[in-house]
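Note sheet for the following structure.
FYI, it's all coordinate maths here, none of it is from the lab. Computed from a predicted structure; not experimentally measured. Cβ placement follows ideal geometry from the backbone for every residue including glycine, while neighbour counts extend to all protein chains displayed.
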Amino acid sequence: MRVARKENERVVVSLFVNPTQFGKGEDFTRYPRDLDRDAALAEKEGVDILFTPSLNEIYPRECSTILVPEVTDLWEGAIRPTHFAGVATVVCKLLNIVRCDVAYFGQKDLQQCIVIKRLIEDLNIPVRFSRQPTVREPDGLALSSRNMYLSPQERSLAPLLYAQLTHCKISIQQGDVTEYHVAEELGRASESLSKSGFRVDYFELIDLETTRPIRAISDQSALIVAARLGNTRLIDNLLM
């Protein structure tokens, strides 16, 4: 919102908890919702229009679905098989409704950013995609609605996710960047999180165009992690 306000004459923010990107047994019904708080935050940042459509406005009937190939195969796409079809479909609908010139997305959901960028390119949607850096708490924890699920003890452990990403990045860059060394550092970071109480879904180095795992760093690579702490699932990433 802040970057959009600096760069544009008019800023529109969509606020919609999208049911089609939640899988069976996920937290759609209890996902944090506070319209008054969110509206106040948007107004404080100088947003001109807050678009808060109802479920029936977005999905008046069973809806056409958009599938983005390749970049949805792994990581979040593998663990949450219906997730990115829901993301791609609702983002396409919102872009068509609002008809913005530039669309801003946060880097915390890095694979989602890659999927949306590919969606815009594949369907020739006339919008410029802008990925913005992750916003963090002072201790490094990426801001997320789901952070409120963390108990006080879990909240004190949660910053280890970003700390391990940072340590792993430095270790890979300063070491002998071979396939073996990269794999060793990834394994060490994942094991360290597990010993600290996380249940790690993945800790990987990926290519930013394809999301495929790689063992060589470049300007188009990033470390990604997803792990559960208690009942809360956290994701984060760090560009290489």
Reported label for calculated Rg and Dmax of the Cα atoms in Å given [x] 18.8, 62; [y] 18.5, 56; [z] 16.8, 52: [y]
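Quick check on my link table: of LYS108/LYS195; LYS24/LYS169; LYS6/LYS108; LYS24/LYS44, which ones sit more than 28 Å apart, alpha carbon to alpha carbon?
From the list (LYS108/LYS195; LYS24/LYS169; LYS6/LYS108; LYS24/LYS44), the Cα-Cα distance tops 28 Å for LYS24/LYS169; LYS24/LYS44.
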Farthest positive-ward along the chain dipole, Cα basis, beta-carbon charges - from ILE214, ILE114, ILE66: ILE66
Highest-fluctuation residue, ARG188, ARG212, ARG30 considered, GNM on the chain with Cα pairs under 10 Å: ARG30
Förster radius 51 Å - calculated FRET efficiency between TYR180 and LEU41, Cβ distance, rounded to 0.05: 0.65
Total charge dipole magnitude, the chain, about the Cα centre, Cβ charges on Lys, Arg, Asp, Glu only, Debye to nearest 20: 460 debye
Alpha-carbon centroid distance for the pair the stretch 163-240 / the stretch 1-51, whole angstrom: 29 Å
The chain - mean residue ellipticity at 222 nm from DSSP helices (-39,500 (n - 2.57) per run, n ≥ 4, rounded to 500): -11000 deg cm²/dmol
Stretch gain in nm, segment ASN96-ARG30, where the contour uses 0.36 nm per residue and the Cα spacing is subtracted: 20.9 nm
Rounded to 10°, Cα long-axis angle of helix 35-44 versus longest principal axis of the chain: 90 degrees
Relative contact order (percent, whole number), the stretch 10-78, Cα cutoff 8 Å, 6+ residue spacing: 45 percent
The stretch 120-229: GluC sites (Glu not before Pro) in DSSP loop, at most 16 other beta carbons within 10 Å: GLU209
Exposure rule at most 15 other beta-carbon atoms within 10 Å, DSSP loop chymotrypsin sites (Phe, Trp or Tyr not before Pro): the chain longest free segment: 29-240
TYR59 paired with ARG146, simple spin-label distance in nm, labels 7 Å along Cα-to-beta-carbon: 1.9 nm
Average Cα contact separation per residue, the chain, under 8 Å, 6 or more apart, as relative contact order %: 16 percent
Among beta bridges that DSSP assigns inside the chain, antiparallel share in %, nearest 5: 70 percent
